[in-house]
Amino acid sequence: MTLPAYPHADVITHQQNGPNAKVAVVDQDGTIVSVNEAWRLSAVENGYIAEGHGVGVNYLKLCDLADGPDADYAHQAAMAVRSVLSGDIGIQTFEYVCASVDQEQWAMFVASPLPSNWSSGAVIAHVDITTTKDVGQVLKRSEERLRQQLNALPILIAYLDKNQRYQLNNDAYEAWFGVSNGELLGKRIPDVIGEVAYRDLCPHIEACLSGKAVEFEMPLSAGRHQSVYVRGNYVPDVDASGVVRGMFAFVQDITKERALAVRVEHQSMHDALTGLPNRSQLQQRVKSLAALEAGREAYGSLMILDLDHFKDINDTLGHFLGDKLLCAVARRLIETTTEHDIVARLGGDEFAVVRSAAAIGSSCPSWAKRMIEQLEAPFLIEGHELHISASIGIAPFRGRIDDFGQLLKQADLALYSAKAGGRGRCCVFADKMWTDLMRRQRMLQSLREAINTDQMSIHYQPQVDLKTGALNSVEALARWCHPTCGEIEPKTFIPVAESSGLIGTLGAWIMHKAAREAMDWQEAGHRFTVSVNVSPMQIKQPAFLDQVRQVIDLGVQPGWLEFEITEAVLVETDRRDSRVLQEVVDLGIHLAIDDFGSGYSSLAYLKRLPVDKIKIEQSFVRDIGVDSDDEAIIKAIITLGHALGKRVVAEGVETKAQAAFLRDHGCDDAQGFYFARPLCKDGLDGWLDQSQWRSMGGTR
Ligand code: C2E
Ligand code: MG
Ligand code: MG
């Protein structure tokens, strides 16, 4: 068939030889006048194998008649071609999915008029755009996923162009500024965050837009948020040639996190109860203070202050009031110090005060004494009037402090000295305290080795009935004969054992040894009590009662054992100690108060504890015939003891006159060099054999 009206139609169709575009030319009626190879092949595949492979078929009719899944786009195509042929519209295009093929295929339909110098008609093309479409879909899908992910992130994300205008932001960004639906897009930063915040952030923004990644944390008042803390990361968006196109802003509101960090930091540096600086902060501040004052002539001082008998307050009034008292002490310390000083709590009832050289002015010990006096003024806590005393150890320093621990140790040693010399005192560190400490540690080591060896022994000193001359009791006194140092006195080694806890082992050894020897005397027919000194530290050890029971299990009659406890200790006993002592008494062992009258005013424990015997402190006895006051005290103690139904014993009786005075004033028993010195077991046996002081068969 010749189509003279369309002499160039083949030129058009044959120019389109690619497999992806099916091209046909139709005349004014919609009849196909020329097709390209792809159209022809498709027509064959689809069964339109007419002459000319579709040429001569009316495309419009074909589309109008279409049914099945492709009908919709066929009708749309017919409409488009008609519009073009009518000359209303230049080019008509639409995309569609070819539903008739197995695999989803996208195509673009194009209908355009023939050139105006040609006969009227149209060019129709079905272009396969599946590949392009796939890439587009993938891009679209990944963009959506990315957006979802960005929106799910709790951090604020935005992209800004180089003119500092928002081009993209996530939901969190909008939510933080209280806007929605892309309201920020196109806006400039200061219009969103405010001029003040912009001024603060400007250096970071400019640095980023000059190509540098920026990281920062800072306080900010932005938009509707006042005084927040933000962490920002700005990352420049740089193209392949190195030109900055814009920047990504990642911002986090870290106000809560920051507040928590500040709180944790505060807690790590402060004592929770009093709010005072704690040990760590003290260390830091003392170091910087010392560095500041390096080279100055004056000294600074670290003082450790310890409340005396604070435990009693906790035990009697409870921890609630104890805590309140500690807070009140902290306040009083702050009131007494200046802003140049540092007041810290080290823990428990221990405080530290650091006086800088600038603040010291007057000498530190006199200042410390004033501090002790001020703490002695009563505290009014929840209706209770509480009285306390404190001891202070002072460690002076000058210049750099390389070892804070050492300085603290020095103040501690000074405090130890202050307490050892009686409480309510202050002491300045001296090198001798180190040597004493070393000596104590060496002694402790030797003592540990000495227990259970023949270096340790017990001497016994008789206590004699002043009326009958009978031997009522012997006091067991520990003796230590060191291989090189010779005899070491109990008043030297007992405190070392007490402060180290070794007193438990030593005390148990003494109890065992004394009990065994008591059994020997019982078996030999003697009837006197063996009295063992018991240290307060022993009573406080959990193993003490078990040790006592083991001693009784040896077979000794408990009634022939007695424990002597120093008065000073009895005054300090707490409820637990009292319970332990009551159990001792329940086991059948007697209790005696040693060194009675040695300076403690409270006699309340006399009611509390089941004591049988009172031993008058030696110093009173020594002054018989010399000091009438001491004589009066002795008489008063005898009266008091008898009024309470206790036996009264005088210690340190060295002369006949002393013995006579005591007997004349009704004292029951006496112990001292006048009667006998402390003797080893064999020595006491010899003394018993030849002495006029016969064992009288017990008074109990
Ligand atoms: P204490 O319990 O008051 O013992 C009496 C001390 O006075 C003994 O000193 C004794 O030797 C001494 N003494 C006795 N009569 C006279 C005298 O007429 N004149 C003088 N000037 N002194 C006299 P010692 O043995 O040196 O013991 C001292 C302290 O050591 C004891 O005082 C006691 O508190 C403690 N102690 C001794 N042995 C032990 C023990 O086995 N365990 C415990 N925990 N402490 C002990
Ligand atoms: Mg004693
Ligand atoms: Mg005594």
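I'd like the residue in the stretch 534-549 that is in contact (Cβ under 8 Å) with a residue 12 or more places away in the chain and either out of contact with any helix residue (DSSP H, G or I) (no Cβ under 8 Å at 6 or more places or on another chain) or away from ligand 2 (no atom under 16 Å from the Cβ) (or both) and, out of all such residues, is nearest to VAL649 (Cα to Cα).
By that ranking, first place goes to VAL548.
Is one or more of the residues making up the stretch 224-239 without any contact (Cβ under 8 Å) to a residue 12 or more places away in the chain and closer than 27 Å to SER210 by Cα?
yes
Within the stretch 516-540, track down each residue that is under 50 Å from the mean Cα position of the chain (by Cα) and buried (at least 19 other Cβ atoms within 10 Å of the Cβ).
Across the stretch 516-540, the qualifying residues are SER531, VAL532, ASN533, VAL534, SER535, MET537, GLN538, ILE539.
Can you tell me how many residues in the stretch 589-602 are surrounded by fewer than 13 Cβ atoms within 10 Å (Cβ to Cβ) and over 43 Å from the mean Cα position of the chain (by Cα)?
1
Report the residue count in the stretch 443-481 for those that are acidic (Asp, Glu) and within 12 Å of ligand 1 (Cβ to nearest atom).
Here the count works out to 1.
Report every pair of residues separated by at least 6 positions or lying on different chains whose Cβ atoms are under 9 Å apart, first residue within the stretch 368-389 and in the same structural domain as ARG355 (by TED's automatic domain parsing) and modelled with pLDDT of 90 or more, second in a helix (DSSP H, G or I) and of a type in the set (Gly, Ala, Ser).
PHE379/ALA328; LEU380/ALA328; ILE381/ALA328; LEU386/ALA328
Looking at this structure, is VAL585 away from ligand 1 (no atom under 12 Å from the Cβ), in a loop (DSSP other than H, G, I, E, B), surrounded by 16 or more Cβ atoms within 10 Å (Cβ to Cβ) and not small (Gly, Ala, Ser)?
Against the criterion (away from ligand 1 (no atom under 12 Å from the Cβ), in a loop (DSSP other than H, G, I, E, B), surrounded by 16 or more Cβ atoms within 10 Å (Cβ to Cβ) and not small (Gly, Ala, Ser)), VAL585 does not qualify.
I need the full set of residues from the stretch 601-640 which are closer than 22 Å to ARG663 by Cα, part of a helix (DSSP H, G or I) and more than 16 Å from ligand 1 (Cβ to nearest atom), in order please.
Listed by number, the residues that qualify are SER628, ASP629, GLU631, ALA632, ILE633, LYS635, ALA636, ILE638, THR639, LEU640.
Among the listed residues VAL238, VAL244, VAL228, identify the single one that is in contact with a helix residue (DSSP H, G or I) (Cβ under 9 Å, 6 or more places away or on another chain), of a type in the set (Val, Ile, Thr), surrounded by fewer than 17 Cβ atoms within 10 Å (Cβ to Cβ) and not assigned by TED's automatic domain parsing to the domain that holds GLN281.
Criteria check complete, one pass: VAL244.
Kindly establish whether VAL649 is within 14 Å of ligand 2 (Cβ to nearest atom), part of a helix (DSSP H, G or I) and of a type outside the set (Asp, Glu).
no
Evaluate the stretch 252-264: report whether one residue or more is assigned to a strand (DSSP E or B), closer than 25 Å to ILE155 by Cα and in contact with a strand residue (DSSP E or B) (Cβ under 9 Å, 6 or more places away or on another chain).
Checked against the condition, which is being assigned to a strand (DSSP E or B), closer than 25 Å to ILE155 by Cα and in contact with a strand residue (DSSP E or B) (Cβ under 9 Å, 6 or more places away or on another chain), the stretch 252-264 yields at least one hit.
This table checks each residue for (1) at pLDDT 90 or above; (2) surrounded by 15 or more Cβ atoms within 10 Å (Cβ to Cβ); (3) within 13 Å of ligand 3 (Cβ to nearest atom); (4) hydrophobic (A, V, I, L, M, F, W, C).
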{"position": "ASP627", "(1), (2), (3), (4)": "no, no, no, no"}
{"position": "VAL649", "(1), (2), (3), (4)": "yes, yes, yes, yes"}
{"position": "GLU654", "(1), (2), (3), (4)": "yes, yes, no, no"}
{"position": "ALA659", "(1), (2), (3), (4)": "yes, yes, no, yes"}
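Could you go through the stretch 102-120 and let me know if any residue there is modelled with pLDDT of 75 or more, assigned by TED's automatic domain parsing to the domain that holds GLY56, over 22 Å from VAL57 (Cα atoms) and among the polar types (S, T, N, Q).
The answer is yes, given that some residue of the stretch 102-120 is modelled with pLDDT of 75 or more, assigned by TED's automatic domain parsing to the domain that holds GLY56, over 22 Å from VAL57 (Cα atoms) and among the polar types (S, T, N, Q).
Go through the stretch 222-236 and give me each residue that's more than 15 Å from ILE254 (Cβ to Cβ) and at pLDDT 90 or above.
TYR234, VAL235, PRO236
For the stretch 302-330, which residues satisfy the criterion of being touching a Phe, Trp or Tyr at 6+ places or on another chain (Cβ under 6 Å) and either charged (D, E, K, R) or surrounded by fewer than 15 Cβ atoms within 10 Å (Cβ to Cβ) (or both)?
None - no residue of the stretch 302-330 is touching a Phe, Trp or Tyr at 6+ places or on another chain (Cβ under 6 Å) and either charged (D, E, K, R) or surrounded by fewer than 15 Cβ atoms within 10 Å (Cβ to Cβ) (or both), so the list stays empty.
Hey, does the stretch 459-470 have a residue that's within 16 Å of ligand 2 (Cβ to nearest atom), aromatic (Phe, Trp, Tyr) and part of a strand (DSSP E or B)?
yes
Is it the case that some residue within the stretch 561-576 is surrounded by 14 or more Cβ atoms within 10 Å (Cβ to Cβ), away from ligand 2 (no atom under 11 Å from the Cβ) and modelled with pLDDT of 90 or more?
Yes, because at least one residue in the stretch 561-576 is surrounded by 14 or more Cβ atoms within 10 Å (Cβ to Cβ), away from ligand 2 (no atom under 11 Å from the Cβ) and modelled with pLDDT of 90 or more.
Is the stretch 540-563 home to any residue that is within 27 Å of ARG439 (Cβ to Cβ) and either in contact with a Pro (Cβ under 9 Å, 6 or more places away or on another chain) or in a helix (DSSP H, G or I) (or both)?
Looking for residues that are within 27 Å of ARG439 (Cβ to Cβ) and either in contact with a Pro (Cβ under 9 Å, 6 or more places away or on another chain) or in a helix (DSSP H, G or I) (or both), one finds at least one in the stretch 540-563, hence yes.
The values are calculated or read from the model by the stated rules, or taken from the named source; none is laboratory data. Remember, it's a predicted structure, so these values are computed and weren't measured experimentally. Methodologically, a virtual Cβ is constructed for each residue, glycine included, from the backbone with ideal geometry; neighbour enumeration extends over all protein chains shown.
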